[in-house]
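Reviewing the structure listed below.
The values are calculated or read from the model by the stated rules, or taken from the named source; none is laboratory data. Keep in mind the model is a prediction, meaning the values are calculated, not measured. Every residue, glycine as well, gets a Cβ built from its backbone with ideal geometry; the counts of neighbours run over all protein chains shown. The protein model used for the area step is the full one, side chains on, heavy atoms only, and it has no ligands, DNA or RNA in it. Shrake-Rupley method; radii C 1.70, N 1.55, O 1.52, S 1.80 Å.
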Amino acid sequence: MYAFYGPRGWWPVRTKAGIPGFDSRGYHKGDYSLPQSPGEVFEIVTGAILTQNTSWKNVEKTIEELKQKDMLSPHALAGSDPGDIARLIRSSGYYNQKTKKLINTSLYFLKEKFLETSLSPGRTGLLSVWGIGPETADSILLYAFGEPFFVVDAYTKRLLTRLGCISGNESYDEVQKYFTARKKIPEALPLVHYYNEYHALIVEHAKQHCRKNPICPGCPVKRICRYG
DNA sequence: CGCCAGGTGGGAT
DNA sequence: ATCCCACATGGC
């Protein structure tokens with residue numbers, strides 16, 4: 001899939017959109033040096049929560065709103081009126097729930113000073129926050145803190161099920177194990193970069209070919225798939 | 001119009 | 001543990 005789609009430039013960082021080295025949406029292909037500041041770390045944390053069961057397109061708009069109102073920080077979010085936050089993040093859907101999730105996460109980050117110290121919250125720590133489940137936790141660890149946690153989402157399960165790798169009713173942790181237990185990892189890429197690309201490639205592949213109604217002509221993994 | 005999108009938590013069984 | 005549901009907007 002890497003040969004077919006190329007590097008994906010994840011995680012997109014809106015606050016860098018358009019500057020040299022970044023495309024208009026904040027993707028940075030082949031550059032694994034992000035995030036580079038506490039602000040960028042927190043933007044990824046926020047994006048990971050906002051995109052829960054929601055298209056990234058809707059989230060981009062919200063991130064932009066938050067940024068323009070100087071609300072893209074744990075301090076600002078934790079100190080704001082929930083109603084104001086809900087209005088700002090409206091386009092990302094589930095705005096009442098996500099308001100609560102953002103405030104909870106902000107309070108946790110403030111209390112533990114993760115941004116100041118650059119210390120990782122750790123998986124258990126993130127999962128203890130109301131509003132952060134396994135996928136959001138792993139997304140934050142992998143893309144915001146640069147730790148090798150493989151992200152499993154609905155696309156991952158769909159692809160692996162169609163390829164015949166899993167039955168489809170496995171738990172999050174079981175699917176994750178399918179990847180982390182593998183020994184065949186290209187040496188050219190550090191593990192964290194490999195996981196970075198792998199998840200992003202699965203998302204791209206699921207959007208282009210492995211949709212709910214699959215588009216098999218031209219699929220890069222057609223040969224090893226039951227469909228097609 | 002209907003269906004889907006880079007899930008999570010709560011409640012019943 | 002395992003199912004079922006609420007949560008909500010915007011794009012196609």
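Points worth noting:
- Computed from backbone phi, the HN-Hα couplings of segment A:107-120 come to 4, 5, 5, 5, 4, 8, 6, 5, 6, 5, 8, 6, 7, 6 Hz, rounded to whole numbers (Karplus: 6.51 cos²θ - 1.76 cosθ + 1.60, θ = phi - 60°; Gly and Pro given as x).
- Assigned charges on the beta-carbon of Lys, Arg, Asp, Glu; chain A dipole about Cα centre (debye): 920
- With coordinates expressed along the principal axes, the C-alpha atoms belonging to segment A:1-66 extend over 34, 26, 18 Å, beginning with the largest.
- Solvent-accessible area of A:Thr136 with every protein chain in place, 1.4 Å probe, in Å² to the nearest 10: 10
- Ignoring aspartates and glutamates fewer than eight residues from A:Lys212 along the same chain, the ones with Cα atoms less than 16 angstrom from its Cα are A:Asp153, A:Glu204.
- In order along segment A:206-223, the Karplus-derived 3J(HN,Hα) couplings, from 6.51 cos²θ - 1.76 cosθ + 1.60 at θ = phi - 60°, round to 5, 6, 7, 10, 8, 6, 4, 9, x, 10, 7, x, x, 5, x, 10, 3, 4 Hz, and Gly and Pro are given as x.
- Size-normalised alpha-carbon gyration radius of chain A, reference 2.2 N^0.38 Å: 1.03
- Value of [θ]222 nm, deg cm²/dmol, for chain A, DSSP H segments ≥ 4, -39500 (n - 2.57) each, nearest 500: -14000 deg cm²/dmol
- In order along segment A:139-154, the Karplus-derived 3J(HN,Hα) couplings, from 6.51 cos²θ - 1.76 cosθ + 1.60 at θ = phi - 60°, round to 4, 5, 5, 6, 8, 9, 10, x, 9, x, 10, 7, 8, 10, 9, 4 Hz, and Gly and Pro are given as x.
- Ellipsoid equivalent to segment A:35-144 - semi-axes via the Cα gyration tensor, in Å: 19, 15, 13
- Taking the Cα centre of segment A:1-61 as origin and assigning +1 to Lys and Arg Cβ atoms and -1 to Asp and Glu Cβ atoms, the resulting dipole is close to 160 debye.
- Straight-distance crosslink candidates among lysines, where the alpha carbon sits under 29 Å from A:Lys67 and sequence neighbours closer than 8 are dropped: A:Lys16, A:Lys29, A:Lys57, A:Lys98, A:Lys100, A:Lys101, A:Lys111, A:Lys113, A:Lys207
- A dipole drawn for segment A:6-93 from +1 and -1 charges on Cβ atoms has a positive end, and of A:Val45, A:Phe22, A:Ser80 the residue lying farthest that way is A:Phe22.
- Taking only the Cα atoms of segment A:151-224, the radius of gyration and Dmax are 12.5, 35 Å.
- Segment A:186-228: projected area of the alpha-carbon convex hull, averaged over directions, in nm²: 3.6
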